[in-house]
1. Is the range 51-165 best put as rounded, prolate or oblate by its Cα gyration tensor, with a ≥ b ≥ c the root eigenvalues, rounded for a/c under 1.5, and otherwise prolate when a/b is larger than b/c, oblate when not?
2. Per DSSP helix of 4 or more residues, -39500 (n - 2.57); summed, then divided by the residues of the chain. What does that give at 222 nm, rounded to the nearest 500?
3. Could you point to the label whose value was computed as Cα Rg over 2.2 N^0.38 Å for the structure here, given (i) 1.39; (ii) 1.09; (iii) 1.19?
4. Give me the 1.4 Å probe accessible area per residue for the chain, excluding ligands and nucleic acids, in Å².
5. If amide H atoms are built 1.01 Å from N in the plane of the peptide, which residues on other chains or at least 5 residues away come under 5 Å of the amide H of A150?
6. Dividing the convex hull volume of the alpha carbon atoms of the range 95-229 by its residue count, what do you get in Å³ per residue?
7. With labels modelled as points extended 7 Å from the Cα through the Cβ direction, what inter-label distance (nm, one decimal) is found for R45 paired with H18?
8. How many nm is it between the label spots at E52 and A11, if each spot is 7 Å from the Cα in line with the beta carbon?
Amino acid sequence: MTSVDFQSASAVLLLLAHDMRNPTATVRANLDFVEKAMPSVSNNRALTEINEALADSSGAVDEIARALDNLQTIARWIAGEPPASSAAGDAAPVLQGLRTRSRSCPISVEVHDPALRVNALAQFTRVLDIWIENAEQHAPGKPIYIQTLANKTHITIEMHDKGRAIAPELRSVAFTPDGQHIIKTRVDGRYSRCLGLFAAKLHADAIGAALEADGQDGNAIFRLKIAQT
């Protein structure tokens, strides 16, 4: 068997992710078109089932798109590269926009410091997206609360939800590559599909932030700590 170096493996995975984006986007666009064209009639069982099937298909396509995002991020990590670079920006509008981010979980946001500027704004946004995806997976339909805290040294963003918290003994491995199989085999591991928690750690690293799990069952917490510069 021919050995493959990390750079080659990364290049192959990046190419795969790139090639899969066009068909995924096509399916997404067609589903959106059909969903808008379909009548919504509650007393017609056939139409109701078709609309439910479309909604399920839309959710599956969204998950594929997220998997491709994570695949791209992990492929860059294999090559020793950070996630795709992005510009610095104001985090407050991103946080405020999360109120409408979830289809299933109501989200409330409190931004205590409006001057929240982060480098690599796209990576910051992706961490928050993964948190919400995790909450939708492990606490479906339950409320999510996001807050910001700031002091002289750090800006801290916390997300609270009503699901099970990551077990204390798993918190040191929950965001590592080796830990993904471990947390997937535990109901208190809060594994994120498509290696989401590991991808979140890579995005957090890209903005120079620490990513933590905390809390207790019924008040699970993810925390992102960004050093003030």
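The values are calculated or read from the model by the stated rules, or taken from the named source; none is laboratory data. Every value quoted in this text rests on a predicted model; they were computed, and no experiment measured them. Cβ sites come from the backbone with ideal geometry, for glycine too, and all protein chains shown count toward neighbours. Heavy atoms of the whole protein, side chains included, go into the accessibility calculation; ligands, DNA and RNA do not. Shrake-Rupley method; radii C 1.70, N 1.55, O 1.52, S 1.80 Å.
1. It comes out oblate by the Cα gyration axes.
2. -16000 deg cm²/dmol
3. Checking each listed value against the structure points to (ii).
4. 53
5. Those lying under 5 Å, H to H, from A150 are T156.
6. Measuring per residue, one finds 99 Å³ for the Cα hull of the range 95-229.
7. Taking the simple label geometry, R45 and H18 are separated by 5.0 nm.
8. For the pair E52/A11, the computed spacing is 4.9 nm.
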